[in-house]
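Accompanying notes for the structure given below.
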Amino acid sequence: MQTLSVRIQDSYMQQFMNFVKESQSNITVSKDKNLEIDPYFYERQKELHEIRADIKSGKMEMLSEEQYEQEIEQFFLEL
């Protein structure tokens, strides 16, 4: 079985639901709470995992709070 995310035009929703009803032995419809709250949840999650991996591998530096404050202060001074 495979899981897909489907975006349906409002005007086509009833026809789609009729199709699903006719195919109920092969299709299960369920709502994903993550996508209800944030339509880009999985894209953001993937990006955060990539950032964490880059930090762990040393490819990206993670600043301490003190370093961050210094960087921001310097940034605003240069504006």
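The values are calculated or read from the model by the stated rules, or taken from the named source; none is laboratory data. None of the values given here were measured: they were computed from a predicted structure. Reconstructed Cβ throughout: ideal geometry from the backbone, glycine too, with neighbour counts over all protein chains shown. All accessible areas refer to the heavy atoms of the entire protein, side chains included, with ligands and DNA or RNA removed. Shrake-Rupley method; radii C 1.70, N 1.55, O 1.52, S 1.80 Å.
Quick look at the values:
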quantity	calculated
Nearest-20 debye value, the chain charge dipole, Cβ charges on Lys, Arg, Asp, Glu	860
Rounded accessible area of Met60 (nearest 10 Å², 1.4 Å probe)	80
Per residue, in Å², the accessible surface of the chain once ligands and nucleic acids are set aside, probe 1.4 Å	104
Solvent-accessible surface ranking, highest first, for Met62, Met17, Met1 at 1.4 angstrom	Met1, Met62, Met17
Spatially proximal lysines relative to Lys56 (Cα-Cα < 16 Å; intrachain offsets below 8 disregarded)	Lys46
Vicinal HN-Hα couplings computed from phi for region 46-58 (Karplus, 6.51 cos²θ - 1.76 cosθ + 1.60; Hz; Gly/Pro x)	4, 4, 5, 5, 5, 4, 4, 5, 5, 5, 5, 7, x
Value at 222 nm in deg cm²/dmol, rounded to 500, when DSSP H runs of n ≥ 4 in the chain each add -39,500 (n - 2.57)	-18000 deg cm²/dmol
Difference of contour (0.36 nm per residue) and Cα-Cα distance, Glu78 to Asp32	12.1 nm
Apportionment of accessible area to carbon and sulfur, region 1-55, percent (1.4 Å)	51
